[in-house]
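Input: a single structure, listed below in structure tokens.
The values are calculated or read from the model by the stated rules, or taken from the named source; none is laboratory data. Keep in mind that this is a model prediction, so the values were computed, not measured. FYI the Cβ positions are ideal-geometry reconstructions off the backbone, even for glycines, and counts take in every protein chain you see. These area figures cover heavy atoms from the full protein model, side chains too; ligands, DNA and RNA do not enter into them. Shrake-Rupley method; radii C 1.70, N 1.55, O 1.52, S 1.80 Å.
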Amino acid sequence: MREALTRILGVAGFCVSAFSSAEALLEAGVAAEAACLVLDIHLPGISGFELHRRITEGDNSIPVIFITGVDDDATRERAASAGAYLAKPFPGRSLIDAVTAALHSRASNAHR
């Protein structure tokens, strides 16, 4: 799945860095530099929700798109309250649109 997401976003013109796990992203120390995060909620080890919490402590300005294969009301509500939400499987266009909207929203908020 990671390779497919990287390919979809790369073809759309986004600069993409992908990591095999939440722990790998944290170890790389580059999360604060991200313009947008696409996080799988149900990662092995640290969940996408927990990763989001750790990354945004003190700075909640990084937009996030949560993705998951477990589409239930509780997960949907929690994800939607923190960012965008896509349930797998989803069309590549939906991911591109979500990232584009997140980046536009961040740019608009930066100019306020």
Sorted largest first, the C-alpha extents of the chain along its principal axes in whole angstrom are 36, 30, 29
Heavy-atom accessible area per residue of the chain, all protein chains kept, 1.4 Å probe, expressed in Å², is 59
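Quickly rank 76-85, 2-11 as a protection proxy: mean count of other C-beta atoms within 10 Å, highest first.
Numbers: 76-85: 16.1, 2-11: 13.6.
The peptides rank, most packed first, as 76-85, 2-11.
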The size of the Cβ-based charge dipole (Lys, Arg +1; Asp, Glu -1) of segment 71-112 about the Cα centre, to the nearest 20 debye, is 260
Calculated from DSSP helices alone, with each H run of at least 4 adding -39500 (n - 2.57) and the total divided by the residues of the chain, [θ]222 nm to the nearest 500 comes to -15000 deg cm²/dmol
Answer in debye to the nearest 20: the dipole magnitude of the chain about its Cα centre, from +1 Lys/Arg and -1 Asp/Glu charges placed on Cβ, is 320
For the chain, the charge dipole (Cβ of Lys, Arg +1; Cβ of Asp, Glu -1; about the Cα centre) points to a positive end, and the Cα of I41, C15, L25 closest to that extreme belongs to C15
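Under unit Cβ charges (Lys, Arg +1; Asp, Glu -1), what dipole magnitude, rounded to 20 debye, does segment 25-75 have relative to its Cα centre? Before the final figure, lay out each step's value.
Values: 2 positive and 9 negative charges, 26 e Å.
The dipole magnitude comes to about 120 debye.
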For the chain, the accessible surface attributable to carbon and sulfur atoms (probe 1.4 angstrom, ligands and nucleic acids excluded) amounts in percent to 53
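With the contact rule set at Cα under 8 Å and sequence spacing of 6 or more, what percent relative contact order holds for the chain? List each step's numbers first, then the result.
Numbers: 112 pairs, mean separation 26.1, N = 112.
Over the chain, the number comes to 23 percent.
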